[in-house]
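Structure first, commentary second.
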Amino acid sequence: MLQDQILGNMSIKHLIVAFSLSAFCIGQTMAVSPQEEITNTIEKAGGNYYAYPQPSGKKTAAPDGYEAFYISHYGRHGSRYMVDEREAANACSTLQKANEQGLLTATGKEVIAKLEEVMKAMHGRDGDLTKLGLQQHKEIATRLYNNFPSVLNGNKKIDAKSTYVSRSILSMGSFCQTLKGLNNNLEIETDASKHDTYFLCHDRVKNTERPKDEGEWYQKFVNYGKHKRDPERLMSVLFTDPKFLKKDDARTLSEELFNVACSIQNTPSVKCELLSLFSKDELWDYWQAQNAFWYYFCGGYNKKERARELSIDLLNDIVDQADSAIANNNVSAHFRFGHDTGLFPLVVLMKINSTYDEVISFDHLHYTWVDFRTVPTSANIQFVFYKSKKSKDILVKILLNEEEANLPIKAFDGPYYKWEDLKKYCKSL
């Protein structure tokens, strides 16, 4: 099997992990698997293209006497246009060449028209925030304000920082303007600069060192993608001669179409869709290949060393700013705005929800790594701090995409952790 070719023969330790994974799956029979989620909501196949979902709204009441007083936050920018419109243009050009030779099916001709609509909408907008992205941050800010009035009511000071990328700056603007509209007494200081890139999104720092085994794992992830992204059926849908393209070119076309199809959900002005080009099984396979990218990118294979490289400065900033806010009582919230490549490594490093473990093979990734649950557009993590007049202990609750999360340390009560315990854990990473 491919996974054996990729990772070699299993050791006894690996077999134990495999049985543990099986037990985990059996124990989660009431939960919906990623494959079922994608079958039910095909947009989730987009992974980090998945448009931010509505949170469940579940809240666990704070322990008696405790009230929220400070929030530390990191948010990915909202829905955006594709980073590179050339994918749509290249796919369209390939189909047009076939059409000129009379080799396109009716479906293929329809795809050309849809690609032309996509290109018209996104021309000159590579990576720009869409109106949906603005709306997502407006809604997140509104919920935050309503959920934690003790933090954001009254005359409070707020510090907000963004990377220098326009989609992050505009996301910060939408978020902060919403809060200001809800409470005009808020004193919000904003900033966006390359100066803070090292912790807001370390991946954007030039000459970042890569793991020594990156080349090896990069090739494994590429090979896995080729195995999962079989273009044969799709070519028969688009071309009257399925052999019009060589296999590598056919795979490139299918990947371009998949990426465009996944991105359309973030641009409501584009009224067409392309995900239905792919069967449910293909959506599952293509998603698995994309999910493998995040495993490779975050360094899931090297004991989180890569995740630490990318996110330790962000984690240190979260800890240091929280300690300062607690000691000086001078800031009610720190809001940070960046990218999926800033957020996902932090979640991996902290092992939030205890799900980001090393795995035996890429085929087991969906048990522990699910990108659309972690980094949809506007993904965010919120550290909410609580204090009580009856106790010196400060408590913290972590929300991942506005859902209560857990850590692999002893909790004080439900999703609430003592800050001293959490800080000690963070310093150990």
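The values are calculated or read from the model by the stated rules, or taken from the named source; none is laboratory data. Everything numeric here is computed off the predicted structure, so don't read it as measured data. So basically every Cβ, Gly included, is an ideal-geometry build from the backbone, and we count neighbours across all protein chains shown. The protein model used for the area step is the full one, side chains on, heavy atoms only, and it has no ligands, DNA or RNA in it. Shrake-Rupley method; radii C 1.70, N 1.55, O 1.52, S 1.80 Å.
In whole angstrom, note down how far apart the Cα centers of the stretch 156-202 and the stretch 85-122 are. Value for the Cα centre distance between the two parts: 39 Å.
With no solvent and one equal point scatterer placed on each C-alpha of the stretch 52-119, evaluate the Debye formula and give log10 I(q)/I(0) for q = 0.12, 0.15 Å⁻¹, two decimals. Summing over Cα pairs of the stretch 52-119 leads to -0.58, -0.69. Please name whichever of 302, 327, 53 sits farthest to the positive end of the charge dipole of the chain, dipole taken about the Cα centre and charges placed at Cβ: Lys and Arg +1, Asp and Glu -1. Farthest along the dipole direction, towards plus: 327.
For the listed residue pairs 120/228; 59/156; 156/351; 246/271; 247/304; 44/243, the alpha carbons are over 28 angstrom apart in 120/228; 156/351; 246/271; 247/304; 44/243. Set against the 2.2 N^0.38 Å expectation for a compact globular protein, the stretch 127-225 has a Cα radius of gyration ratio of 1.45. For the chain, the share of DSSP beta bridges that are antiparallel, to the nearest 5, is 60%.
Please grab the % of Cα pairs in the stretch 292-419 that end up more than 19 Å from each other.
Details: 4211 of 8128 pairs.
When all Cα pairs of the stretch 292-419 are counted, 52 percent exceed 19 Å.
Under a 5 Å amide H cut-off, with hydrogens placed 1.01 Å from N, residue 162 pairs with 191, 192, 193, 337 among residues at least 5 apart or on other chains. Peptides 163-176, 137-150, 113-126, ordered by how many other C-beta atoms sit within 10 Å of their residues on average, highest first, read 163-176, 137-150, 113-126.
Applying the Karplus relation 6.51 cos²θ - 1.76 cosθ + 1.60 with θ = phi - 60° to the stretch 238-246 yields 3J(HN,Hα) values of 8, 10, 6, 10, x, 9, 4, 10, 5 Hz, where x marks Gly and Pro.
Pairwise Cα distances in the stretch 148-306 exceed 22 Å in 64 percent of cases.
Positive end of the dipole of the chain (Cβ unit charges, origin at the Cα centre): among 205, 168, 158, the Cα lying farthest that way belongs to 158. For the stretch 248-298, the spread of Cα positions along the three principal axes, ordered from largest to smallest, is 34, 26, 21 Å. Name the shape class, rounded, prolate or oblate, that the alpha-carbon gyration tensor gives for the stretch 71-204, where a ≥ b ≥ c are the square roots of its eigenvalues, rounded holds for a/c under 1.5, and otherwise prolate holds if a/b is larger than b/c and oblate otherwise. Here the stretch 71-204 falls in the prolate category.
At 1.4 Å probe size, with every protein chain present, just tell me what the per residue accessible area of the stretch 157-254 comes to in Å².
Details: 5490 Å² over 98 residues.
With the other protein chains kept in place, the stretch 157-254 gives 56 Å² per residue.
Of all the accessible heavy-atom surface of the chain, with the other protein chains kept in place and a 1.4 Å probe, what percent is carbon and sulfur?
On the chain, the fraction of accessible area on carbon and sulfur atoms equals 49 percent.
Think of each Lys and Arg Cβ as +1 and each Asp and Glu Cβ as -1; about the Cα centre, that makes the dipole of the chain roughly 840 debye. Adding -39500 (n - 2.57) for every DSSP H run of four residues or longer, then dividing by how many residues the chain holds, sets the calculated 222 nm ellipticity at -15500 deg cm²/dmol.
Between the listed residues 219, 147, 83, the Cα displaced farthest toward the positive end of the dipole of the chain, a dipole computed from Cβ unit charges relative to the Cα centre, is found at 147. Between 253, 152, 245, the Gaussian network model of the chain with springs among Cα atoms under 10 angstrom shows the greatest mean-square fluctuation at 245. Under a Gaussian network description of the chain, with springs only between Cα atoms under 10 Å, the residue in 305, 110, 216 that fluctuates furthest is 216.
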